[in-house]
Number of protein chains: 2
Amino acid sequence: MKQIIVVVGGVASGPAAVAEARRTDPDARIVLIEKGDDISYGACEMPMLLSGSLENPERLRRFTPAGFADHFNVEVLIRHEVVRIHTETRKLDVANASTSTLVKMRYDKLILATGASAIIPESLRSATPDVFSLRSLEDARTIQDALAKRTIHHAVVIGGGYVGLDVVWALKERGIRVSILVPKDSILKEGLDEPMQERLLAHLRHHQVAVRDDRASGLEVAPDGRLAAVLTEAGEKIGCDLALIATGTQPQTQLGLDVRIKMGASQGYLVDDGMQTSEKGIWACGDCVEREETVFGEIIHAPLSLNAFRSGRVAGRNAARKGTGRPARIPAVVKAAALALGSLEIGHTGWTESAASKLGKQVVSATIKHRSASSLSPHSDVHVHLVAESATGRLVGCQIAGGLGTSQRLNVVTALIRSGGTVDDLYNVDFVYAPRLAPAHDPLFVAARTLQKALNASRKH
Amino acid sequence: MKQIIVVVGGVASGPAAVAEARRTDPDARIVLIEKGDDISYGACEMPMLLSGSLENPERLRRFTPAGFADHFNVEVLIRHEVVRIHTETRKLDVANASTSTLVKMRYDKLILATGASAIIPESLRSATPDVFSLRSLEDARTIQDALAKRTIHHAVVIGGGYVGLDVVWALKERGIRVSILVPKDSILKEGLDEPMQERLLAHLRHHQVAVRDDRASGLEVAPDGRLAAVLTEAGEKIGCDLALIATGTQPQTQLGLDVRIKMGASQGYLVDDGMQTSEKGIWACGDCVEREETVFGEIIHAPLSLNAFRSGRVAGRNAARKGTGRPARIPAVVKAAALALGSLEIGHTGWTESAASKLGKQVVSATIKHRSASSLSPHSDVHVHLVAESATGRLVGCQIAGGLGTSQRLNVVTALIRSGGTVDDLYNVDFVYAPRLAPAHDPLFVAARTLQKALNASRKH
């Protein structure tokens, strides 16, 4: 008997789960169900459509639905939405958006890869065609069309996370005047402590982005139905002809909520290290789950591309295996991300000092600036903010900002965090040196040395 | 009673030892003795003087002898050479090159930081003024003068190590036609396996460097005393007006040999993890020592800049401390190095597959090519050759070649090698991703995945 494996959700982790399930069980009937039109595209590359550096949205596609179905010998249903899981009978209610019909579908194994969706605050919901969010390729196409149709003079981006910053930069590159509405201490706040937030804000200002330390409280729509202004909590009115809401995302877990799959504090599915949910026969992966992180063993939501891919592979393998062979296990995650804004790369790994302190952890940090290469070669400044546990010197997190290539250094710290490495371990890395590619003392080495001193000083008190 | 600490040898590890000794014992009398004119300069930046990208040799200096003496409150003797150690009386015979006199100097603690010197094969020794080696700032100045005095049409570089390749590129950038004489399998052979050696050779050829798979057997000098040609083992005669001999270096340990300090297979001082030699009261550091490496626990010669600095600090600390406080310990070294040749960065960490096999280790490797960034962003090819132990999957070494920024990735592998990390650990690193700064799957991630498959396949046989 062929087993039926149903994967709900396209883009990153769903297709990874399908591919791995197919490799694990060549005979299974595998069905990928996606609510929208697209599966398997480069979501992080969508801002390119907004900046104008890329015209054709098709270039973001890795597979068409038909191509994917063909390549992996699976069934792909687009414009289909799973609206209800019946766990006792292992059946799904699937709504077909094209025909507006509802069908039942049987599954033996179910993988939820429903991702996360943009949070749109109630006060910013609007019927105007000039307010957007950016989560799917469909969203990107809609914004791209709006930008093509009429000249935008001034855009307001609400929110200072990765998506907001990417869009700020994309619109700026297109020549649009952009304001970003973000309380000062909340810009990339999941990743950056105050000194690095300041650096990022200075970079934006230097490039003529209007940074407003304020929150959006509402929208003003003109009599013709077009957007007139974004209103702020401080009582300001920012006249604009386009707004993008990027105030965060949340796991899309309504399906699981209905059948009482266990969730974490962020409303993501709780999974074990095999990506299995609390419900037998149901796995979950990608941006809709919460799982253990490496440093403190906390359960967190880590919506990251590589995490989506890796967790999808593990879910696909374990869902498809039939009791033979080793189950796949995923290690705890380190939250690491970076972005490029023109000549600046900025990113982070692990915990911020501020978030670790809020958890009640005693940490010490050092902030340094050093060259990216020899003083006699072309070089830029690299800023490092390194955080370690006071008592043990164990690495807790690192933030870095600098010229092109800088963010590669984060991977070194991530590798050490994974193995429980200390500041001494970072100091002891045999960094490569040649005048044109690194300074004699790498910025990470300088940061480690500075933090060693700070740790010693903190122990003397 | 003030203790007397004598450090023999300037440049990298000697000054680091002096600085740390001063921090450890503010009262000691500390003397740095250097045979040449210079202490504390950027040795790896010397090729810039040859390429013409830097005119003034003074810019390589970090400290003048007087400035260093002043800054650290120590004595600096340049043009002085320690010619004999009397261990029983703790005295040194010191020759003053300026006055041709010999004086005795007492020491309580002695630190040998005599470095390594270029090996000049007997057959290539010559009285012609057109044959050079490059080891000291003095050497660099001599070559710079020679290049300024007359037009060089064709230079031959003998040897394919780091120094040879740096000089090839520097002379090429100056517009000189350059041949490199290096047996095919010996180019950067301490660092590269055959696939990466091929890549390096192709890069050189592509940039009009004449690569000759041959060895130098002698020199032909014209009746006017100038260099006429380099003769090869294959019987060829390469007409040229300048030759640089870069056939390797060896630890300068004559001083220790005279008093029977224990040496390793490369004739470097054997030291413990506190950088102490076999002789009580004598430490050694930098390029004149051999010490344990991380992967297999072999004793190796690792003449690297950062290693010189770090080992100098440890030697300085331990020599200066008086029984109080913790002695400094240095962990085993990972040999990692890289160089930039125009648009190519190439480097390595750990062991080559070939060297590991010669040691009798069972290893498996994978060679991959992947993008440095998203396919929709500017990117270059990154080539990775990853080596792991067959039985355990433990990382043994990595070689990498690609565009600017590529070699930073070596530090990730080095960090993992230090902690005994496996290929799975490399696969599990949470690599940062953003289209412009990295591809969704980092080249190291792709290499790890490929090597996981190769390891699995090798275990099935």
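The values are calculated or read from the model by the stated rules, or taken from the named source; none is laboratory data. Remember, it's a predicted structure, so these values are computed and weren't measured experimentally. As a convention, Cβ positions derive from the backbone with ideal geometry for all residues, glycine included, and neighbour counts pool all protein chains shown.
Taken together, A:178, A:131, A:182 contain a single residue that is closer than 28 Å to residue A:289 by Cα and not small (Gly, Ala, Ser), which is A:182. The residue list B:231, B:270, B:227 contains one member that is closer than 30 Å to residue B:212 by Cα, free of Cβ contacts under 8 Å to residues at least 40 places away in the same chain and crowded, with 17+ Cβ neighbours inside 10 Å, which is B:231.
In this structure, residue B:292 does satisfy being out of contact with any helix residue (DSSP H, G or I) (no Cβ under 7 Å at 6 or more places or on another chain) and part of a strand (DSSP E or B). Applying the set (1) touching a residue at least 24 places away in the same chain (Cβ under 8 Å); (2) part of a helix (DSSP H, G or I) to residue A:85 leaves exactly one unmet item: (2).
Can you confirm whether segment B:297-306 contains a residue that is within 25 Å of residue A:434 (Cβ to Cβ) and part of a strand (DSSP E or B)?
Of the residues in segment B:297-306, the ones within 25 Å of residue A:434 (Cβ to Cβ) are B:298, B:300-306.
Next, only the ones that are part of a strand (DSSP E or B) stay: B:300.
Yes, segment B:297-306 has at least one match.
Of everything listed in (1) in a helix (DSSP H, G or I); (2) in contact (Cβ under 8 Å) with a residue 40 or more places away in the chain, the single unmet condition for residue B:59 is (2).
Within segment A:22-54, the set of residues being away from every other protein chain (no Cβ under 13 Å) and within 21 Å of residue A:252 (Cβ to Cβ) comprises A:31, A:32, A:33, A:34, A:35, A:36, A:37, A:38, A:39.
Condition first: under 26 Å from the mean Cα position of the chain (by Cα) and more than 8 Å from chain B (Cβ to nearest Cβ). Now tell me which residues in segment A:390-412 satisfy that.
Filtering segment A:390-412 for residues under 26 Å from the mean Cα position of the chain (by Cα) gives A:394-412.
The answer is A:394, A:395, A:396, A:397, A:398, A:399, A:400, A:401, A:402, A:403, A:406.
Conditions (1) touching a Ser or Thr at 6+ places or on another chain (Cβ under 6 Å); (2) in contact (Cβ under 8 Å) with a residue 12 or more places away in the chain; (3) aliphatic (A, V, I, L, M), marked per residue:
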residue: B:316; (1), (2), (3): no, yes, no
residue: B:321; (1), (2), (3): yes, yes, no
residue: B:333; (1), (2), (3): no, yes, yes
residue: B:336; (1), (2), (3): yes, yes, yes
residue: B:377; (1), (2), (3): no, yes, no
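With respect to residue A:382, determine if the residue is buried (at least 20 other Cβ atoms within 10 Å of the Cβ) and more than 30 Å from residue A:174 (Cα to Cα). The answer is no for residue A:382. The selection criterion, being more than 23 Å from residue A:350 (Cα to Cα), modelled with pLDDT of 95 or more and either assigned by TED's automatic domain parsing to the domain that holds residue B:170 or crowded, with 19+ Cβ neighbours inside 10 Å (or both), does not hold for residue B:421.
Which one is surrounded by the most Cβ atoms within 10 Å (Cβ to Cβ) among residues in segment A:327-342 that are at the interface with another protein chain (Cβ under 9 Å from one of its Cβ atoms) and outside any strand (DSSP E or B)? Spell out the reasoning first.
Going residue by residue through segment A:327-342, those that are at the interface with another protein chain (Cβ under 9 Å from one of its Cβ atoms) are A:330-331, A:333-340.
With outside any strand (DSSP E or B) added as a condition, the list becomes A:330-331, A:334-335.
Values: A:330: 21, A:331: 16, A:334: 25, A:335: 22.
The extreme case among them is A:334.
For segment B:413-437, the candidate set comprises residues that are out of contact with any Leu (no Cβ under 6 Å at 6 or more places or on another chain) and of a type in the set (Gly, Ala, Ser); within that set, the residue that is nearest to the other protein chains (Cβ to nearest Cβ) is B:419. Inspect all residues belonging to segment A:252-263 and state whether any of them is crowded, with 24+ Cβ neighbours inside 10 Å, outside any loop (DSSP other than H, G, I, E, B), in contact (Cβ under 8 Å) with a residue 60 or more places away in the chain and at positive phi. No - not one qualifying residue is present in segment A:252-263.
Only one of A:99, A:142, A:64 is more than 30 Å from residue A:174 (Cβ to Cβ) and either within 20 Å of the chain's Cα centre (by Cα) or without any contact (Cβ under 8 Å) to a residue 12 or more places away in the chain (or both). Can you tell me which? Walk me through it before giving the result.
Values: A:142 fails: more than 30 Å from residue A:174 (Cβ to Cβ); A:64 fails: more than 30 Å from residue A:174 (Cβ to Cβ).
Testing whether each residue is more than 30 Å from residue A:174 (Cβ to Cβ) and either within 20 Å of the chain's Cα centre (by Cα) or without any contact (Cβ under 8 Å) to a residue 12 or more places away in the chain (or both) leaves just A:99.
Would a scan of segment A:100-111 turn up a residue that is touching a strand residue (DSSP E or B) at 6+ places or on another chain (Cβ under 8 Å), more than 18 Å from residue A:75 (Cβ to Cβ), part of a loop (DSSP other than H, G, I, E, B) and not hydrophobic (A, V, I, L, M, F, W, C)? No, segment A:100-111 contains no residue that is touching a strand residue (DSSP E or B) at 6+ places or on another chain (Cβ under 8 Å), more than 18 Å from residue A:75 (Cβ to Cβ), part of a loop (DSSP other than H, G, I, E, B) and not hydrophobic (A, V, I, L, M, F, W, C). Checked against the criteria, residue A:387 counts as more than 8 Å from every other protein chain (Cβ to nearest Cβ), more than 22 Å from residue B:410 (Cα to Cα) and among the aliphatic types (A, V, I, L, M).
Residue-level check: of (1) surrounded by fewer than 24 Cβ atoms within 10 Å (Cβ to Cβ); (2) of a type outside the set (Val, Ile, Thr); (3) away from every other protein chain (no Cβ under 12 Å), residue A:451 misses just (1). Checking the structure you have, find out if any residue of segment A:349-358 is assigned to a strand (DSSP E or B), in contact (Cβ under 8 Å) with a residue 12 or more places away in the chain and within 9 Å of chain B (Cβ to nearest Cβ). Yes, the conditions are met somewhere in segment A:349-358.
Candidates in segment A:59-72 are the residues that are of a type outside the set (Phe, Trp, Tyr) and under 25 Å from residue B:432 (Cα atoms); of these, the one that is farthest from the other protein chains (Cβ to nearest Cβ) is A:61.
Does segment B:404-411 include one or more residues that are of a type in the set (Val, Ile, Thr) and either closer than 22 Å to residue A:331 by Cα or not assigned by TED's automatic domain parsing to the domain that holds residue B:384 (or both)?
no
Kindly establish whether residue A:163 is surrounded by 19 or more Cβ atoms within 10 Å (Cβ to Cβ), of a type outside the set (S, T, N, Q), farther than 30 Å from residue A:366 by Cα and touching a Leu at 6+ places or on another chain (Cβ under 9 Å). Considered against the rule, which asks whether it is surrounded by 19 or more Cβ atoms within 10 Å (Cβ to Cβ), of a type outside the set (S, T, N, Q), farther than 30 Å from residue A:366 by Cα and touching a Leu at 6+ places or on another chain (Cβ under 9 Å), residue A:163 comes out as no.
Which condition does residue B:220 not pass, out of (1) under 30 Å from residue B:157 (Cβ atoms); (2) not assigned by TED's automatic domain parsing to the domain that holds residue B:178, if it passes all the others? Only one criterion in (1) under 30 Å from residue B:157 (Cβ atoms); (2) not assigned by TED's automatic domain parsing to the domain that holds residue B:178 is unmet by residue B:220, namely (2).
Residues in segment A:307-326 that are touching a helix residue (DSSP H, G or I) at 6+ places or on another chain (Cβ under 6 Å) and part of a loop (DSSP other than H, G, I, E, B): A:321 only. Against the definition (touching a residue at least 40 places away in the same chain (Cβ under 8 Å) and within 12 Å of chain B (Cβ to nearest Cβ)), how does residue A:366 come out, yes or no? Taking the combined requirement at face value, the residue does not satisfy it. Just one residue in the set B:11, B:94, B:18 is assigned to a strand (DSSP E or B) and either in contact with a strand residue (DSSP E or B) (Cβ under 7 Å, 6 or more places away or on another chain) or crowded, with 18+ Cβ neighbours inside 10 Å (or both); that residue is B:94. The residues of segment B:266-282 that are closer than 15 Å to residue B:302 by Cα, assigned to a loop (DSSP other than H, G, I, E, B) and touching a strand residue (DSSP E or B) at 6+ places or on another chain (Cβ under 7 Å), listed by number, are B:266, B:267, B:268, B:271, B:275.
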